[in-house]
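Chemist: One structure, pasted below without further comment.
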Amino acid sequence: MTSLSSACLSLGAALLLALNCACLEDPGATDHHAAELTTSLLEFIVKTGGRENRILQTICPALSDVHINRTALNQGFHRDVVTEVTLPVAMATPPMSCRLLLVETVPAGMYVDLHQVTFRTDFGGPQVLALNDIDVEQAAHQSSHHRLLLYSPLQQNPKGFTWRVVLPVHLRYHRWAGDQGEDTSATVRLERPDVLMHCEGDRPVTTPCEESRLFPAPCDAESRGVCLWQLLKGKAEPLLFQVPIGQQSHAVLVITGTTAVAALGSSLILVAARKASKVAPRRKGAKDKRE
């Protein structure tokens with residue numbers, strides 16, 4: 001932990017240097033995903049700027065696997081992803097104060113509307129930071145994945161500490177199938193999130209922090225501080241979403257049907273408008289006679 005801290009002491013030139021080496025002295029100390037996560041977080045810290053010129057250290061309690069439960073609610077293109085993380089009591093008991101950070105990697109086939117998420121924050125939803133720009137108008141084949149940082153307080157229950165968050169996601173439209181395409185739907189795969197924890201307090205630390213599991217990230221969505229977060233171990237099955245896709249062989253039928261419906265709708269509107277224009281003068285004439 002000392003070498004990681006020394007590599008990231010300041011958030012100016014030191015962070016840029018750490019960005020080039022992924023803030024790890026030994027590339028074999030972590031897998032490709034961890035290195036990519038570190039790079040994404042550091043790039044965001046450097047890009048946003050204005051951070052405090054220090055990193056808050058973390059206490060590392062003895063790690064045990066956390067329980068991650070994921071479900072998807074609703075149907076169609078607009079869904080709610082519910083994530084519940086349960087920690088054993090021993091991992092976050094007082095006087096140690098701990099909070100969790102969820103790093104969600106959203107694939108190209110879906111997106112998160114930050115305006116919608118911000119509105120939900122006022123009603124108990126999570127605080128969210130986006131590490132990448134999100135274009136909500138693009139189709140799936142024109143988009144790339146993006147990462148989100150989700151902050152929400154821990155809640156204590158008899159089994160331990162629970163962290164529950166609901167994230168609204170929207171599936172993107174996909175490119176239609178070719179002439180020989182037999183697929184009628186595409187599969188969007190949402191992998192399990194990365195769960196990180198930051199702890200502070202006076203509790204003695206019996207287990208040294210494992211440097212390859214420490215990641216710098218904003219302390220929360222509003223402050224300018226940067227904290228070290230410990231990556232927790234946990235397993236969860238990916239969520240799979242089916243998105244209907246168009247067939248190129250149906251193009252003539254769809255175009256013809258759409259044109260016919262549009263023409264019929266326009267005709268009905270014109271007929272209704274013509275009838276309304278004839279009724280108005282009659283009513284006006286009748287009113288004049290009464291006067």
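Chemist: Which percent of the accessible heavy-atom area of region 216-274 goes to carbon and sulfur, probe 1.4 angstrom?
Modeler: 69 percent
Chemist: Something else now. For region 97-168, what is the charge dipole size about the Cα centre, in debye to the nearest 20, if Lys and Arg each add +1 at the Cβ and Asp and Glu each add -1 at the Cβ?
Modeler: Using only the charged Cβ atoms, the result is roughly 500 debye.
The values are calculated or read from the model by the stated rules, or taken from the named source; none is laboratory data. In this text the structure is predicted, and so the values were computed from the model without any measurement. Using ideal geometry, Cβ is built from the backbone for each residue, glycine included, and neighbour counts are taken over all protein chains shown. SASA here: full protein model, heavy atoms, side chains in, ligands and nucleic acids out. Shrake-Rupley method; radii C 1.70, N 1.55, O 1.52, S 1.80 Å.
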